[in-house]
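Novice: Please find one structure pasted underneath; my questions will follow.
Nothing in this text is a laboratory measurement; each read-out follows from the coordinates by a stated rule. None of these values were measured; they are calculated from a predicted model. Virtual Cβ from ideal backbone geometry, glycine too; neighbours counted across all protein chains shown.
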Amino acid sequence: MKVAVVGASGYTGLELLRILLRHPAFELAAVTSEQRRGLPVGEAFPSLRGQLDLVLEAADPAALAGRVELAFTALPHVTSARVVAQLRAAGLRVVDLSADFRLRDPRVYRETYGEHGAPQLLSEAVYGLPELHREALRATRLAASAGCYPTGALLPLVPFLRAGLVEPSVCIDARSGVSGAGRKLEADYLFAELDENCFAYQVGGVHRHVPEIAQEAARAAGGPVAIGFVPHLLPTIRGIATTVFARPRKGLTSDAAREVLEEAWGRERFVRVLPAGETPRLSAVRGANFCDVAAFVDGPTGSLVLLSALDNLVKGAAGQAVQCANLMCDLPEESGLCEAALVP
């Protein structure tokens, strides 16, 4: 099946190219970039030199429609919606990696990002976290690939919300590598500022990922869930390490909490429930489409402590998007995604 990557200038677009080059059922037929159009892919991205004989082009949905059957859109939030609408109108299946189709409520989207460019497609889009919405993804032609922070928070948390084991109020401490911010020339992302450093940001307000987490948490719990969220920036390139604090509704042990995760995810290909006593680490998921999860009960407070680690560019973005596309195209879900982590 011929596919396109629309918006390949960023880290997520580049990661998509890396994954799709090894995919057994997808053939890259078009790659777009407004910033680098006219350049051969190998010249724009030296890591792909000799791997892909394509020239970066401007995004033209009408022209793509005659050449590809599915498009991955890796465009900025707000910008993506109109392009996705044109691609859908041309009959293409689309996996969108922006936040433009993740929120089901147009009012919530407006409060978080501004006016939506294609609100008529919100009801069509399926939230692209395969472990939560696998069957719906098989049936859709528009997947809204889940965000990296929400994926790291929801995978360990959702089983406890579904089972009614925790109060509907949680606090999330999440720490991301700098690639999650994209290619930006800002002081906080300079090597001299970030190396050997770690700091919280956007504290006290509503981070843009909170409505997304709250939406899916409420679907799991059957009612509203209050989300406290504090993100941090780590002096690493890839990875998100997440800690979720929740209050059990009744007594719970660490072993019992781990069993909840095992019951929910023990048969999943890309969610790994760690052995008792082991905690997730970024080095075990770097470059791979895995999310490692663990659960503990804190003795002094009785709080449930849920942990996860994932690569923000893979399971948090490009890998998850390919996982969604595999489901949409009736392919084995693991196609193109079975790479082991990059160690060391």
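Novice: Between rounded, prolate and oblate, where does the stretch 131-206 land on the alpha carbon gyration tensor, with a ≥ b ≥ c its root eigenvalues, rounded for a/c under 1.5, else prolate if a/b exceeds b/c?
Specialist: Values: a/c = 3.17, a/b = 1.56, b/c = 2.03.
In terms of gyration-tensor shape, oblate.
Novice: With charges only on Cβ, +1 for K and R and -1 for D and E, what is the dipole size of the chain about its Cα centre, in debye, rounded to 20?
Specialist: Details: 34 positive and 38 negative charges, 91 e Å.
That gives a dipole near 440 debye.
Novice: Still on this structure, I have one more. To make sure I understand, if each residue's beta carbon is the centre and we count other beta carbons within 10 Å, what order do V84, V203 fall in, fewest to most? Could you put the intermediate results ahead of the total?
Specialist: Numbers: V84 28, V203 11.
With the fewest neighbours first, V84, V203 line up as V203, V84.
Novice: Percent antiparallel among DSSP beta bridges with both residues in the stretch 2-124, to the nearest 5? Intermediate results must be reported in sequence, preceding the final value.
Specialist: Numbers: 1 of 15 bridges.
Approximately 5 percent, going by the DSSP bridge assignments.
Novice: Hey, another quick one. Counting only C-alpha contacts under 8 Å and six or more residues apart, can you give the relative contact order of the stretch 2-124 as a whole percent?
Specialist: Working: 218 pairs, mean separation 27.7, N = 123.
That works out to 22 percent.
Novice: Per DSSP H run of n ≥ 4, the term is -39500 (n - 2.57); total these for the chain, divide by its residue number, and report the mean residue ellipticity at 222 nm rounded to 500 deg cm²/dmol.
Specialist: Values: 11 runs with 101 residues, N = 344.
Mean residue ellipticity, 222 nm, calculated: -8500 deg cm²/dmol.
Novice: When only C-alpha pairs under 8 Å and at least 6 residues apart count, what is the relative contact order of the chain, in percent? It would help to have the intermediate numbers written out before the result.
Specialist: Numbers: 774 pairs, mean separation 59.6, N = 344.
Normalised by residue count, the contact order of the chain is 17 percent.
Novice: Roughly speaking, what is the stretch gain from Q120 to K250, that is 0.36 nm per residue apart minus the C-alpha to C-alpha distance, in nm to one decimal?
Specialist: Working: separation 130, 0.36 × 130 = 46.80 nm, distance 4.31 nm.
Once the chain is fully extended between Q120 and K250, it gains 42.5 nm.
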